[in-house]
Every structure is written in C-alpha cells, then in structure tokens.
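A short reminder: the numbers here are calculations on the coordinates, not readings from a lab. On a predicted model such as this, the values are computed, not experimentally measured, just so you know. Cβ: placed from backbone, ideal geometry, glycine included. Neighbour counts: every protein chain shown.
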C-alpha cells in the first residue's frame, strides 16, 4: 500500500498510489447504468455497482470536480497506454473530488486544506484481509491507522457502527487529526458486504476551519452515502 503525505509530512493511506484503485465516473440515470452520475439542481448523484452485486451511491455538490481513473493514474505516473492503465487499476474503483478552484487530478489526492477533498472506493479484499477484517481495520481503511487507539494522535468527534439489511455492516466516524498544524478534520464511512468479499469507503476532509465553513457539503456526502444489495 502506498501513502499520500500532506504538506506537514504526515502520511495517510487513503489513496493507494502504488497499486492505484481504479477510478470510474459515468454519467446517466442511477437505476439504468452500472456506474453513473446524475446532475440535479443542488447535487450530483454518483453511483457504482460492484461485481458482488452491491450498489453504492451518494450526493456531491454540483460545483465539485470529479476525476476519473485515467486522469488520476496518469497524474501519479505520467502518460500511460490503455494496457498499463488497466494493470495499475487492477479492477478496483475510486473517484476523487473537490470544489477547490483550479483543482487538478493530482491536487484532489490527499486531505484538503482550505478546500475539502473527497475519495470514494470499492475494492476486493484479499484472502488474508478477509480473515483478519475487523472494525479496527475498517476504521484504518483510508487513514492507515485506527483513530480509536490511544496512540493514534486523533481526536474522535463521533463514531458509530451499523448493520444494514442483507448483512452489509460498517462504521461511520468524524475525527480531528491533531498531529498536524493546522488541525485537519476527516469524516469516513466504511463497510463490507455480507460475504466480506468487497470493502467500500468514502472519506472527506480538510482543515478544521474549512470543515466548519463547508459543513453542509461534507454532511451531504457522508449522510447520503448508501450501500444496497441487489435483489436476487
């Protein structure tokens, strides 16, 4: 796993640059396509259907830029051919997004500062990950460390565990990352499917002052993030 450092040198495991998770953004109607975004008057509706039959969807403010697989992989690795892009993606799915003026794929990767950035992922778990998966590992999925440990250097503002119909279960939390200056605030929802084959996560963050100024937008993303198992 690769990590993306912020300006203060702290390293975060949110955007797996080394074996980069595939990114996809396709526009269309949520109910009729496998992955898509539908633009409404007050939001963009982003969705994805995982190979295990779980639908993921959530709302993003309409003025946020959203970056796709090729853009982000090439921002990290330079210009690549189609075969190289597929190899690096490895069948996984990710999107990054931000309202920052002039934002680029590269600047959308990592935790934001004066403007929030967000990431959403869906990836298949390896056999060893499945065996050892716990709420602690779900909490560590994007940040690379468990904020609930006493040595994490994080201040937990809210935390809860949930279970959905069909066996999907996960965690939702908001934390202050107090080891940085200024303090960063980060919200995350992570869940796994009933068979613990796939993990799904969304995270959004920026400086604490930015978080307060963008409370409506970050709350919309976190609260609208939904997983639903398809009917047999």
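Values as computed for the structure displayed
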read-out: Two-site label geometry, residue 159 and residue 213: point separation in nm, points 7 Å out along Cα→Cβ; value: 3.0 nm
read-out: Residue exposure sequence - 63, 169, 48 - by fewest surrounding Cβ within 10 Å; value: 63, 169, 48
read-out: Which of 186, 162 has the fewest Cβ neighbours within 10 Å, and the rest in rising order; value: 162, 186
read-out: Residues 96, 178 arranged by fewest to most Cβ contacts within 10 Å; value: 178, 96
